[in-house]
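The values are calculated or read from the model by the stated rules, or taken from the named source; none is laboratory data. Not measured: the values here are computed from a predicted model. Because the Cβ atoms are built from the backbone with ideal geometry, glycine has one as well, and the counts that use them run over all protein chains shown. In case anyone asks, the SASA skips ligands and DNA or RNA and just uses the protein heavy atoms, side chains included. Shrake-Rupley method; radii C 1.70, N 1.55, O 1.52, S 1.80 Å.
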There are 2 protein chains.
Amino acid sequence: MSNTGPEILDPAPPRAAERILQAARKLFYSDGIRAVGVEEIVARAGVTKPSLYRGFGSKDELVVAVLKQTEADFWARFELSVEAHPGDARAQIRDFFKGLAGRSTKADHRGCGLSNAMVEYPEPEHGAHQVALSHKRDLRARLRALAAEMGARDADGLGDALLLLIEGAYLSSQIFGAGGPSGVVAKAAEALMDAALG
Amino acid sequence: MSNTGPEILDPAPPRAAERILQAARKLFYSDGIRAVGVEEIVARAGVTKPSLYRGFGSKDELVVAVLKQTEADFWARFELSVEAHPGDARAQIRDFFKGLAGRSTKADHRGCGLSNAMVEYPEPEHGAHQVALSHKRDLRARLRALAAEMGARDADGLGDALLLLIEGAYLSSQIFGAGGPSGVVAKAAEALMDAALG
DNA sequence: ATGGGATGTTACCGCTCGGTACGTTGCATT
DNA sequence: AATGCAACGTACCGAGCGGTAACATCCCAT
């Protein structure tokens, strides 16, 4: 009642830009980027349009900011799998695929926001395209490196094959929802690794 | 100069609706559906807007018509692989994956228009979503049936794994362009079939 | 030759989009 | 208490969207 001073439990009330970023991320992910207008974003964020354009120069810049955060979260999850099994590349991959299988078989999952952005923005000039492409290139290199680390004969081939499974799980998850083919992604990855290590 | 009669070299000038359908298909495929306006479509088709709305009730209906044609072409290609190797399910799959690998590693390839439509239209009510989903369900069933036909222990598992590779190639092709991971999709499919047949 | 379907032409509608000029609030500092 | 300043809201804009009305024209079949 009488607490008029700075809020202790929430000392930094989320700035408008942060609320916009989170609202945009949810909406872009679930509905698609082009399908969501700035009006809907600010409404969901509980702010107004000028706040969006003060924090971000344009909708496109907001899209880029959202995708960069998506990428950061991806790598955070990925490194979690890596750190869980130090020095064991195959166990790291196995761990990651296990998590992927779990996420990809949940209803309303929409795969990878970065992959989806590549579908929505084929033009190489677009910022969204560039962020997503750069991330996928990094992922490809990372998978190839892990494949080499686990001693695969054709490391690049195994890394690429694993990437195909990952992207396939992303796409299939939003096509089929729960009970889709993504349920077998971890087992398929095992089979490919078996074959490449044999 | 004096040729005012019917054109001999082009005796059946394509009806407006047909030209619109083909123009829309190219544009939707290369640029994305939401990114293309009706004005651009009729310009490319060399017709005018009322012709579009006489042949198709709305843009959404045109989208559905385009996707249905895309689906028909897909099955035509698929059956070509099947008929090329009567009674040999594994050879049929191998043939299809070979063609898939070839297409998916060409620059400017944009994967599967039906998969892309699922990304652009997550809402189950949308006609584009329904056409694409129905097709993917059919494809899943078909792959599972072929896996059973070739004697896989876990036929459903193999069929789903092959579907993951296919969708992965679709997505990867438009992410990486030429030289992408889709180049290994046929080899990966072989490895999975080997593992499932023992 | 003539009627009718399909097409082209032109102009327009309402709506929503991304984006902005300008006024208002609230809080820290002095 | 007055001031300064950053953050926010109100109200608006031009453009492009999907879609339509009304009318002229072409071409083919009868």
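Listed values, structure above:
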item	result
Residue that is within 14 Å of chain A (Cβ to nearest Cβ) and closer than 21 Å to B:SER173 by Cα, where the choices are B:PHE97, B:PHE74	B:PHE97
Residues (of a type in the set (D, E, K, R), in a helix (DSSP H, G or I) and in contact (Cβ under 8 Å) with a residue 24 or more places away in the chain) located in the range B:23-53	B:ARG25
Count of the range A:177-194 residues which are buried (at least 20 other Cβ atoms within 10 Å of the Cβ) and either outside any helix (DSSP H, G or I) or outside the structural domain of A:PHE74 (by TED's automatic domain parsing) (or both)	1
Filter pass, A:ALA45 being hydrophobic (A, V, I, L, M, F, W, C) and within 15 Å of DNA strand D (Cβ to nearest atom)	yes
Among residues of the range B:29-55, those that are of a type in the set (Phe, Trp, Tyr) and within 16 Å of B:GLU18 (Cβ to Cβ), counted	1
Yes/no for A:ALA76 being more than 16 Å from DNA strand D (Cβ to nearest atom) and in contact with a Ser or Thr (Cβ under 9 Å, 6 or more places away or on another chain)	no
Which listed residue is closer than 21 Å to B:SER104 by Cα and assigned by TED's automatic domain parsing to the domain that holds B:CYS112, from B:ALA145, B:ALA161, B:ALA152	B:ALA161
Residue check, B:ASP156 away from chain A (no Cβ under 12 Å), over 14 Å from A:LEU171 (Cα atoms), part of a helix (DSSP H, G or I) and modelled with pLDDT of 95 or more	no
Subset of the range B:32-50 that is within 11 Å of DNA strand C (Cβ to nearest atom) and not hydrophobic (A, V, I, L, M, F, W, C) - its residue that is surrounded by the most Cβ atoms within 10 Å (Cβ to Cβ)	B:ARG34
Members of the range B:54-81 that are within 14 Å of the chain's Cα centre (by Cα) and open to solvent by less than 20 Å² (accessible area, probe 1.4 Å)	B:VAL63, B:VAL66, B:LEU67, B:PHE74, B:PHE78
The range A:100-151, residues that are part of a helix (DSSP H, G or I) and among the aromatic types (Phe, Trp, Tyr)	none
Residue among B:ASP88, B:ASP73, B:ASP108 that alone is at pLDDT below 95 and away from DNA strand C (no atom under 16 Å from the Cβ)	B:ASP108
Residue check for A:ARG94: open to solvent by 10 Å² or more (accessible area, probe 1.4 Å), in contact (Cβ under 8 Å) with a residue 40 or more places away in the chain and more than 16 Å from DNA strand C (Cβ to nearest atom)	yes
Conditions (1) out of contact with any Asp or Glu (no Cβ under 8 Å at 6 or more places or on another chain); (2) farther than 20 Å from A:ARG25 by Cβ; number of the one not met by A:ARG44	(2)
Residue match in the range B:14-32 (condition: within 14 Å of chain A (Cβ to nearest Cβ), under 28 Å from A:SER115 (Cβ atoms) and either touching a strand residue (DSSP E or B) at 6+ places or on another chain (Cβ under 7 Å) or within 8 Å of DNA strand D (Cβ to nearest atom) (or both))	no
Evaluation of B:GLN174 against (1) open to solvent by 10 Å² or more (accessible area, probe 1.4 Å); (2) more than 9 Å from every other protein chain (Cβ to nearest Cβ) (one fails), failing number	(2)
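Each row is one residue, and each column tells you yes or no for (1) touching a residue at least 12 places away in the same chain (Cβ under 8 Å); (2) under 19 Å from A:LYS68 (Cα atoms); (3) open to solvent by less than 10 Å² (accessible area, probe 1.4 Å); (4) under 14 Å from the mean Cα position of the chain (by Cα).
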site: A:GLU83; (1), (2), (3), (4): no, no, no, no
site: A:LYS98; (1), (2), (3), (4): yes, no, no, no
site: A:LYS106; (1), (2), (3), (4): yes, no, no, no
site: A:HIS109; (1), (2), (3), (4): yes, no, no, yes
site: A:VAL131; (1), (2), (3), (4): yes, yes, no, yes
site: A:LYS136; (1), (2), (3), (4): yes, yes, yes, yes
site: A:LEU139; (1), (2), (3), (4): yes, yes, yes, yes
site: A:ALA169; (1), (2), (3), (4): yes, no, yes, yes
